[in-house]
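Scroll down for the structure; my scribbles are underneath it.
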Amino acid sequence: MANNKGKLTVSVLTLIIMTDIIESVAELFFKKGTLSTGIDNVTVDNAVLFMSKLLASSGFWTGLGLHATNFFLWAAVLSKVDLSVAFPTGSMSYILVALLSVVFLGEHISAYRWGGIVLIIIGIWFVSRSTRHEEAR
């Protein structure tokens, strides 16, 4: 494979941010869909009921549609930049999911988890910096 990819440009970063936002919102809809089933503990005994209620949920279908859209945007990202750059940079969705779950689902995130999120941010920064150093060579 020719190594003409790898450059983290503004347009590629914009695409990655778009995929992160779409993925995060899709996960929020999936969670809303599972909550709408009214079943908080899926077991072998209630799995069929859970799945039937989930398939009737608009949240589930909205999340699925967003993931399908995201699939094509991610393919566009991968056509422009190395996977070793795109995937770590795309880890911003971990941060967005945490923030969305606090705001829209009322979930609590402990200081320990926030520490992990800070480490993810630092990792994203290092990956984005590494591509600049490689371009300078």
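Overview of values
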item: Candidate set: region 20-50, residues that are of a type in the set (G, A, S) and assigned to a helix (DSSP H, G or I); chosen: the one farthest from the chain's Cα centre (by Cα); result: A47
item: Conditions (1) touching a residue at least 24 places away in the same chain (Cβ under 8 Å); (2) assigned to a loop (DSSP other than H, G, I, E, B); number of the one not met by L66; result: (2)
item: Only listed residue being farther than 21 Å from T89 by Cα and in contact (Cβ under 8 Å) with a residue 12 or more places away in the chain, chosen from I39, I22; result: I39
item: V48, sole failed condition from (1) without any contact (Cβ under 8 Å) to a residue 24 or more places away in the chain; (2) buried (at least 16 other Cβ atoms within 10 Å of the Cβ); (3) among the aliphatic types (A, V, I, L, M); result: (2)
item: Tally, over region 86-119, of residues that are aliphatic (A, V, I, L, M), over 20 Å from W74 (Cα atoms) and in a helix (DSSP H, G or I); result: 10
item: Sole exception among (1) loosely packed, with under 12 Cβ neighbours inside 10 Å; (2) closer than 30 Å to V12 by Cβ; (3) among the acidic types (D, E) for D82, by number; result: (1)
item: So K53, is it over 16 Å from the mean Cα position of the chain (by Cα), assigned to a helix (DSSP H, G or I), surrounded by fewer than 18 Cβ atoms within 10 Å (Cβ to Cβ) and touching a residue at least 12 places away in the same chain (Cβ under 8 Å); result: yes
item: Test: residue in region 72-91 that is hydroxyl-bearing (S, T, Y) and either under 15 Å from A26 (Cβ atoms) or over 19 Å from the mean Cα position of the chain (by Cα) (or both); result: no
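Bear in mind that the values in this text are calculations on the coordinates, not laboratory data. Given the structure is predicted, the values throughout are model-derived calculations rather than measurements. All Cβ positions, glycine included, derive from the backbone under ideal geometry; neighbour counts span all protein chains shown.
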